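The values are calculated or read from the model by the stated rules, or taken from the named source; none is laboratory data. Small disclaimer: the values here were computed from a predicted structure and weren't measured. Every residue, glycine as well, gets a Cβ built from its backbone with ideal geometry; the counts of neighbours run over all protein chains shown.
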């Protein structure tokens with residue numbers, strides 16, 4: 001026998017899970033566009049992506065072993081797929097640009113050997129061109145600061161990104177309501193209902209804590225990279241805003257599914273992994289703020305147009 005009588009907690013878990021799923025589905029789009037336009041993935045730390053992938057793999061294994069909420073398990077599987085898509089694109093551009101750089105170095109070496117007398121003039125000309133471009137960039141940046149254009153562009157980008165996050169909540173909530181009306185949330189009644197009182201498997205809990213540790217450590221390489229380069233160029237701000245939204249609603253989905261002490265105990269690793277990374281996301285948001293400055297602030301803030309040139 002099937003019943004649609006969900007508890008308030010189960011309904012909220014479904015809504016939050018649907019919002020989180022929507023955020024994770026859209027998560028890659030801003031960063032993929034950024035990488036594609038720049039034909040580069042230099043803004044992203046590969047250490048960040050590798051640790052994140054390992055965390056998602058252990059997250060999926062732990063969720064399956066401990067019997068977490070269905071939305072939490074489904075999201076864990078999707079995380080792995082999305083990670084692989086982004087990592088594949090980054091590896092492609094990194095290898096492609098490394099190959100182009102090697103060919104350029106080889107070409108420059110041959111040219112210098114064939115035309116030694118022209119080398120000094122070429123170098124001098126290049127130096128003058130760079131100096132002129134730098135002075136022009138500083139002049140343009142100063143004009144934007146004086147006119148208030150930089151601040152307006154930065155405010156506009158944050159506003160448009162916030163509206164995109166708000167749309168994620170609307171679409172996610174609407175998606176859950178439609179699926180509920182269609183009967184997707186019917187659940188077994190009576191003796192066939194799943195037993196949630198059994199002890200969580202030790203292996204599943206170990207995987208859960210391992211994934212939480214990976215999530216908490218994953219952003220550290222990216223934060224360090226941003227700090228060393230004093231730049232968030234090549235990163236999509238909306239990528240991290242969607243990540244924060246997904247992590248927050250993912251954690252809420254797990255928490256609202258049940259407040260039973262045993263369930264909360266087995267869900268602690270996932271709550272730590274999702275909610276704990278919000279603090280690190282806030283650090284990255286702060287880096288976006290302080291490293292954008294006046295120079296090209298509109299492009300750097302969104303990350304879509306502020307990208308590295310191909311090597």
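Things worth noting here:
- Listed conditions (1) crowded, with 24+ Cβ neighbours inside 10 Å; (2) in a helix (DSSP H, G or I); (3) at pLDDT 90 or above are all met by residue 41, apart from (2).
- Test: residue in segment 228-236 that is farther than 17 Å from residue 22 by Cβ, out of contact with any helix residue (DSSP H, G or I) (no Cβ under 8 Å at 6 or more places or on another chain), assigned to a helix (DSSP H, G or I) and modelled with pLDDT of 90 or more: yes
- When the residues of segment 196-206 are filtered to those that are in a helix (DSSP H, G or I) and under 15 Å from residue 254 (Cβ atoms), the one that is modelled with the lowest pLDDT is 204.
- The set of residues from segment 214-268 being closer than 15 Å to residue 30 by Cα, free of Cβ contacts under 8 Å to residues at least 60 places away in the same chain and surrounded by 23 or more Cβ atoms within 10 Å (Cβ to Cβ) comprises just one member, 240.
- Residue in segment 131-147 that is assigned to a helix (DSSP H, G or I), crowded, with 16+ Cβ neighbours inside 10 Å, touching a helix residue (DSSP H, G or I) at 6+ places or on another chain (Cβ under 6 Å) and at pLDDT below 65 present: yes
- Residue 47 being surrounded by fewer than 20 Cβ atoms within 10 Å (Cβ to Cβ), modelled with pLDDT of 90 or more, in contact with a helix residue (DSSP H, G or I) (Cβ under 6 Å, 6 or more places away or on another chain) and assigned to a helix (DSSP H, G or I): yes
- Between 55, 14, 62, the distinction of being closer than 26 Å to residue 205 by Cβ, modelled with pLDDT under 85 and assigned to a helix (DSSP H, G or I) belongs to 62 only.
- Test: residue in segment 18-33 that is surrounded by fewer than 22 Cβ atoms within 10 Å (Cβ to Cβ) and either assigned to a loop (DSSP other than H, G, I, E, B) or in contact with a strand residue (DSSP E or B) (Cβ under 7 Å, 6 or more places away or on another chain) (or both): no
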